[in-house]
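Below you'll find the structure, written out as structure tokens, and then a few comments.
The values are calculated or read from the model by the stated rules, or taken from the named source; none is laboratory data. Just so it is clear, the model here is predicted, and its values are computed rather than measured. Because the Cβ atoms are built from the backbone with ideal geometry, glycine has one as well, and the counts that use them run over all protein chains shown. Please note that ligands, DNA and RNA were not included when accessible areas were found on the heavy atoms of the full protein model with its side chains. Shrake-Rupley method; radii C 1.70, N 1.55, O 1.52, S 1.80 Å.
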Amino acid sequence: MDYLREAELKHGRIAQLAIVGYICVDQGIVLHPLGQGLSSAAAHDVMVQNGVMGNMLVFIGLFEIVSWLAISEMLQGSGRAPGDFGWGLQYLEGKTEKEVEWLKYQEIMNGRLAMMAFGGAVTQSVLYDVGFPYLN
């Protein structure tokens, strides 16, 4: 079960970043010089044609290789909690066990919401060629 929770947390965290990035690009915030003046849906195709997405794939792949070491240790019974890479633990200091469990629950639920939001935003923007707020 730990591996499944690890995957859910990772997907949720990435989806949270993805929906914020998708909205930022549609609001005119330029994240890469080649994306100037493009919508999020159009920027994807331009970035793929110019090889930017290939570079991103390499860096994400390297991160996945390194993160597998922590996941492998967790699966071998190290006691590492799913999704715990040791970052941001200072935000949990001074909180009760019940408060920590509530924060973990909120992270899971917000990640699930972000996964649905990203899927909906991409679908709306591609099908109807609209930007943020993705209403037709």
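Could we say that Ile65 is outside any loop (DSSP other than H, G, I, E, B), open to solvent by 80 Å² or more (accessible area, probe 1.4 Å) and under 17 Å from Arg112 (Cα atoms) here?
Numbers: outside any loop (DSSP other than H, G, I, E, B): yes; open to solvent by 80 Å² or more (accessible area, probe 1.4 Å): yes; under 17 Å from Arg112 (Cα atoms): no.
Answer is no for this residue.
With respect to Leu75, is the statement that it is closer than 24 Å to Tyr3 by Cβ, modelled with pLDDT of 90 or more, open to solvent by 80 Å² or more (accessible area, probe 1.4 Å) and not acidic (Asp, Glu) true? Spelling it out, it is not the case that Leu75 is closer than 24 Å to Tyr3 by Cβ, modelled with pLDDT of 90 or more, open to solvent by 80 Å² or more (accessible area, probe 1.4 Å) and not acidic (Asp, Glu). If you go through the range 30-60, how many residues are within 16 Å of Phe132 (Cβ to Cβ) and surrounded by fewer than 11 Cβ atoms within 10 Å (Cβ to Cβ)? Summing the residues that are within 16 Å of Phe132 (Cβ to Cβ) and surrounded by fewer than 11 Cβ atoms within 10 Å (Cβ to Cβ) in the range 30-60 gives 1. Against the conditions (1) within 30 Å of Gln27 (Cα to Cα); (2) acidic (Asp, Glu); (3) open to solvent by 70 Å² or more (accessible area, probe 1.4 Å), Glu99 satisfies every one except (1). Restricting attention to the range 1-17, the residues that are surrounded by fewer than 18 Cβ atoms within 10 Å (Cβ to Cβ) and either at pLDDT 90 or above or in contact with an Asp or Glu (Cβ under 6 Å, 6 or more places away or on another chain) (or both) add up to 9.
Checked against (1) in contact with a Gly (Cβ under 9 Å, 6 or more places away or on another chain); (2) part of a helix (DSSP H, G or I); (3) over 25 Å from Leu103 (Cα atoms), Leu57 passes all but a single condition, namely (1). For the range 118-135, a tally of residues being part of a helix (DSSP H, G or I) and open to solvent by less than 40 Å² (accessible area, probe 1.4 Å) returns 4.
Suppose we filter the range 74-113 for residues that are under 21 Å from Val20 (Cα atoms), of a type in the set (Val, Ile, Thr) and in contact with a helix residue (DSSP H, G or I) (Cβ under 6 Å, 6 or more places away or on another chain); how many remain? Residues that pass the stated criteria total 0.
Residues of the range 68-109 that are assigned to a helix (DSSP H, G or I), in contact (Cβ under 8 Å) with a residue 40 or more places away in the chain and either over 15 Å from Leu9 (Cβ atoms) or not acidic (Asp, Glu) (or both): Ile71, Met74, Leu75, Ile108.
Consider the range 1-37 and keep the residues that are part of a helix (DSSP H, G or I) and β-branched (Val, Ile, Thr). The one that is nearest to the chain's Cα centre (by Cα) is Ile14.
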